[in-house]
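As C-alpha cells, the structure follows; a few thoughts come after it.
All of the numbers you see were taken from the coordinates with simple rules; none came from a lab. Nothing here was measured: the structure is a model prediction, and the numbers come from that model. Here the Cβ is made from the backbone with ideal geometry for all residues, glycine too, and neighbour counts use every protein chain on show.
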Amino acid sequence: MSKTKKHIDVYEYVDNAPDYAEETAALWSWSLNCEYPTPFTLFMDLIGYSEEHFGEALVKDTTAVGLGYVEQSYLADAMKEYSNRPRDIEDWITELLEIETR
C-alpha cells in the first residue's frame, strides 16, 4: 500500500515524515511562511528534482528566493539529509506532491 493512501492530508504526511526526511519536512513546513518562489522550491531545483520531474527549474531568479539565516539553516539541513539518502528524499517529495494535488 502506498504511503499516500494512509495519510489524509499533506500536513499529516509532513508531521509523520520518516526520520530520514525530517529536515526536508521541516523545510517544506517553514516554506509555507514564504512567498513563491519558496526555499522548498529552490531545494527541489538544487537536488535536480524539478528538472527531472517537471523538465525545468522552478526558480528562474534565485535572488527572488528570500533566504534569511533561518531559511539557509533549513535548506542546509535538508541538503545534508538529501546527500545521505537521495532516492528516499525524492520518493518522499513525490508522495508529498501527489498528496498536495489531490
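Note on the stretch 51-102: semi-axes of the ellipsoid equivalent to its C-alpha gyration tensor, largest first and rounded to whole Å, are 20, 17, 12. Here T101 and D61 are evaluated by their C-beta separation; at R0 = 22 Å the FRET efficiency comes out at 0.30. Dividing the summed -39500 (n - 2.57) terms of all DSSP H runs of n ≥ 4 by the residue count of the chain sets its mean residue ellipticity at 222 nm at -18000 deg cm²/dmol. Taking the charge dipole of the chain about its Cα centre, with +1 at Lys and Arg Cβ atoms and -1 at Asp and Glu Cβ atoms, the residue from Y49, A76, A64 reaching farthest to the positive side is Y49. Estimated from the Cβ-Cβ distance and a Förster radius of 22 angstrom, the FRET efficiency linking V70 and T94 is about 0.25. Both numbers refer to the Cα atoms of the chain; Rg and Dmax are 12.9, 41 Å. Each Lys and Arg Cβ is given +1 and each Asp and Glu Cβ -1; about its Cα centre, the chain then shows a dipole of about 140 debye.
Sites listed here are trypsin sites (Lys or Arg not before Pro) in the stretch 1-85 whose DSSP assignment is loop and whose Cβ has at most 12 other Cβ atoms within 10 Å: K60. Put in line by how crowded their Cβ is, counting other Cβ atoms within 10 Å and starting with the fewest, Y69, Y20 read Y69, Y20. In terms of surrounding Cβ atoms within a 10 Å radius of their Cβ, D19, D45 rank from fewest to most as D19, D45.
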